[in-house]
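Colleague: The following block contains the structure, expressed as structure tokens.
The values are calculated or read from the model by the stated rules, or taken from the named source; none is laboratory data. Remember, it's a predicted structure, so these values are computed and weren't measured experimentally. For neighbour counting, all protein chains shown are included, and Cβ atoms are generated from backbone atoms with ideal geometry for every residue, glycine included. Note: accessible area is taken over every heavy atom of the protein model, side chains too, but ligands, DNA and RNA are not part of it. Shrake-Rupley method; radii C 1.70, N 1.55, O 1.52, S 1.80 Å.
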Amino acid sequence: VCTSVLAKKKQKVDLFPDGTPIPEWFRQTDEVDISKLGKQYKITDYGVINDGNIYTKEPQALIDKIATEGGGVVVVPQGTFKTGALFFKQGVHLHLLEGGTLMGSDDCSDFPIIKTRIEGETCLYYSALVNADGIDGFTISGKGTIDGNGLRYWKHFWERRTWNPKCTNKDEQRPRLVYISNCKNVQIDGVHLQNSPFWTTHVYNSENVKLLRLYIYSPAKPVKAPSTDAIDIDVCKNVLVKHCYMSVNDDA
């Protein structure tokens with residue numbers, strides 16, 4: 001009888017609220033092992049320098065190179081490296097070492113306007129700092145940081161609000177931090193995602209996505225970071241969010 005009762009209790013835990021079984025996929029939360037993802041390429045070996053200047057062509061050329069060579073890992077070492085929008089490709093992963101920061105430009109012209117998904121519709125809008133579209137098996141991992149460098153964008157938003165109280169995110173456009181679209185088997189794991197100009201992590205039309213052990217932050221002072229949603233899940237299947245810290249403006 002006791003065994004039967006325990007079995008029934010376990011069965012209840014293993015079901016979603018609609019009664020469907022929870023797949024084993026949701027219990028698998030191992031950290032990303034970059035040793036299994038191919039050759040590792042440090043951005044500092046390919047023309048990216050920690051000198052306060054913005055390097056976009058160099059890391060994008062590295063991403064393109066890795067894609068043509070069969071895949072591998074873009075590694076951000078210790079230091080702060082500024083860039084504009086980066087577009088990842090099939091087989092190319094991102095890993096940030098502890099003490100390493102990929103920082104976005106605070107000039108919106110470093111983010112191409114593209115056809116993308118914003119607030120429930122497909123439209124023209126700025127690309128994100130890190131973009132992955134149509135990829136199967138994309139990962140972002142490590143103990144480092146992706147920093148949106150959002151202060152200038154936040155100030156502009158609130159300045160516009162002073163003369164247009166109804167100003168929206170589509171009026172004062174600005175880049176997101178991470179945008180994942182039309183992807184499968186994605187894991188974003190361990191990194192700090194902070195100071196996004198706009199939404200921090202936006203996942204659209206994707207399947208089997210895990211967001212694990214993340215630290216997601218934007219400040220309230222001295223300038224409130226408007227609409228820096230931690231995680232926006234948009235038309236997706238099978239998404240696991242676990243062991244994440246989120247402190248942002250608007251939605252967690």
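Colleague: Given the Cα-Cα distance of residue 51 and residue 243 and 0.36 nm per residue of separation, how much length would full extension add, in nm?
Modeller: 65.7 nm
Colleague: Subtract the Cα-Cα distance of residue 40 and residue 251 from 0.36 nm times their separation in residues, and report this length gain in nm to one decimal.
Modeller: That pair, residue 40 and residue 251, stretches by 72.5 nm at full extension.
Colleague: At R0 = 35 Å, how high is the FRET efficiency between residue 108 and residue 143 if r is their beta carbon distance? Nearest 0.05 is fine.
Modeller: E(calc), rounded to 0.05, equals 0.75.
Colleague: Quick one: what does P(r) look like for the chain with 10 Å bins over all Cα pairs, in whole %?
Modeller: 7, 30, 35, 17, 7, 3, 1, 0
Colleague: Oh, and also: Would you calculate, for the chain, the mean residue ellipticity at 222 nm contributed by helices, counting each DSSP H stretch of 4 or more residues as -39,500 (n - 2.57) and dividing by all residues, to the nearest 500?
Modeller: Calculated at 222 nm, the ellipticity per residue is -4500 deg cm²/dmol.
Colleague: Residue 216's amide H: which non-local residues (gap 5+, or another chain) put their own amide H closer than 5 Å, with H modeled 1.01 Å from N in plane and none for Pro or chain starts?
Modeller: Amide H to amide H, under 5 Å and 5 or more residues apart or across chains, residue 216 pairs with 193, 245, 246, 247.
Colleague: In degrees from 0 to 90, rounded to the nearest 10, what is the angle of the helix 57-68 Cα long axis to the longest principal axis of the chain?
Modeller: Compared with the principal axis, the helix lies near 40 degrees.
Colleague: Rounded to the nearest 10 degrees, what's the angle between the helix 2-13 long axis and the longest principal axis of the chain, both from Cα atoms, 0 to 90?
Modeller: Tilt of helix 2-13: around 30 degrees.
Colleague: Here's another thing I want to ask about it. Please calculate how many Å² of accessible area segment 132-211 carries per residue, with a 1.4 Å probe and no DNA, RNA or ligand atoms counted.
Modeller: Per residue, segment 132-211 has an accessible area of 36 Å².
Colleague: Express in whole angstrom the spacing between the alpha-carbon centres of segment 62-120 and segment 177-252.
Modeller: Segment 62-120 and segment 177-252 have Cα centres separated by 16 Å.
Colleague: Oh, and also: When N is the residue count of segment 59-178, what does its C-alpha Rg come to as a fraction of 2.2 N^0.38 Å?
Modeller: In units of the globular-protein estimate, segment 59-178 measures up at 1.16.
Colleague: In addition: Check each of the trypsin sites (Lys or Arg not before Pro) in segment 219-252 and keep only those in coil by DSSP with at most 10 other C-beta atoms within 10 angstrom; list them in order.
Modeller: Hits after loop and neighbour filter: nothing returned.
Colleague: For segment 211-252, with equal point scatterers placed on the C-alpha atoms only and solvent neglected, what are the log10 I(q)/I(0) values from the Debye formula at q = 0.17 1/Å, to two decimals?
Modeller: Values returned for q = 0.17 Å⁻¹ are -0.50.
Colleague: How large, in percent, is the carbon and sulfur part of the accessible surface of the chain at a probe radius of 1.4 Å?
Modeller: Carbon with sulfur: 51 percent of the solvent-accessible area.
Colleague: Give me the percent of Cα-Cα pairs in segment 128-252 that sit more than 27 Å apart, rounded to a whole number.
Modeller: It works out to 17 percent of all Cα pairs.
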